[in-house]
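Encoded as structure tokens, the structure appears first; notes follow it.
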Amino acid sequence: MEILRGGKSLDATARRSFIGYVSPDLTLYRELTGAENLRFFSELQGRELRKSELAELLNEVGLKGRGRDLVGSYSSGMRQRLKYAFALLNAPPILLLDEPTANLDVSGREMVERILARQREHPEGGVTLIATNEPRELDWGDILVRLERAE
């Protein structure tokens, strides 16, 4: 995949900060707290996550006050919310969402809708690619590509 910024191709390391990813297959460390997971993944991306950023991220995804809890004690919906916090670490212009509302309740789906609305207003021209089987999520896209098996 090639991503251009200012007409120049970004290398693999630079691309990481331009893409946020949420998927049921994304693994979190259950023996770490939510905050420790976010700090760890942030450090892997070469940046330090400030306390204020951490608190803002957790609040944004509906996990305010739960950052000190072990991820192993989180419900599946809470883990999905933490994956969104991870995806938003760098306010990326590109979001890749696989089954974006998996394990989320009504307030979690509303959170996803807020994130998508904000992504459309991203200063660098936000793009979101959604892979879904949920009919209600099809309305979130501006362009729909339907993949079907040929028989």
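The values are calculated or read from the model by the stated rules, or taken from the named source; none is laboratory data. Just so it is clear, the structure is predicted and the values come from calculations on it, not from any experiment. Methodologically, a virtual Cβ is constructed for each residue, glycine included, from the backbone with ideal geometry; neighbour enumeration extends over all protein chains shown. The accessibility values were calculated without ligands, DNA or RNA, using every heavy atom of the protein model including side chains. Shrake-Rupley method; radii C 1.70, N 1.55, O 1.52, S 1.80 Å.
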### Task
Test R79 against the stated conditions and say whether it is surrounded by fewer than 18 Cβ atoms within 10 Å (Cβ to Cβ) and of a type outside the set (A, V, I, L, M, F, W, C).
no
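Being surrounded by fewer than 16 Cβ atoms within 10 Å (Cβ to Cβ) and within 16 Å of the chain's Cα centre (by Cα) is the filter here, so list the residues in the range 128-151 that pass it.
Quick first cut of the range 128-151, residues surrounded by fewer than 16 Cβ atoms within 10 Å (Cβ to Cβ) only: 129, 131, 133-136, 138-139, 141-151.
Hits for the range 128-151 are L129, A131.
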### Task
Taking the options I94, I130, name whichever one is touching a helix residue (DSSP H, G or I) at 6+ places or on another chain (Cβ under 7 Å) and hydrophobic (A, V, I, L, M, F, W, C).
I130
### Message
I need every pair where a residue in the range 6-29 that is within 26 Å of N103 (Cβ to Cβ) has its Cβ under 9 Å from the Cβ of a residue that is part of a loop (DSSP other than H, G, I, E, B) and among the acidic types (D, E), sequence separation at least 6 or different chains.
### Response
V22/E99; S23/E99; P24/E99
### Qualifying residue in the range 100-108 (condition: of a type outside the set (S, T, Y) and farther than 27 Å from R30 by Cβ)
no
### Task
Only one of these is out of contact with any Phe, Trp or Tyr (no Cβ under 6 Å at 6 or more places or on another chain) and open to solvent by 70 Å² or more (accessible area, probe 1.4 Å): D98, D25. Name it.
D25
### Summary
If you go through R114, R118, R39, R109, the only one that is within 25 Å of L4 (Cα to Cα), among the basic types (K, R) and either open to solvent by less than 30 Å² (accessible area, probe 1.4 Å) or not in a loop (DSSP other than H, G, I, E, B) (or both) is R118
### Message
Could you check the range 2-14 and list, in sequence order, the residues that are in contact with a strand residue (DSSP E or B) (Cβ under 9 Å, 6 or more places away or on another chain) and open to solvent by 50 Å² or more (accessible area, probe 1.4 Å)?
### Response
E2
### Query
Does the range 109-118 contain any residue that is of a type in the set (D, E), more than 11 Å from the chain's Cα centre (by Cα) and at pLDDT 95 or above?
yes
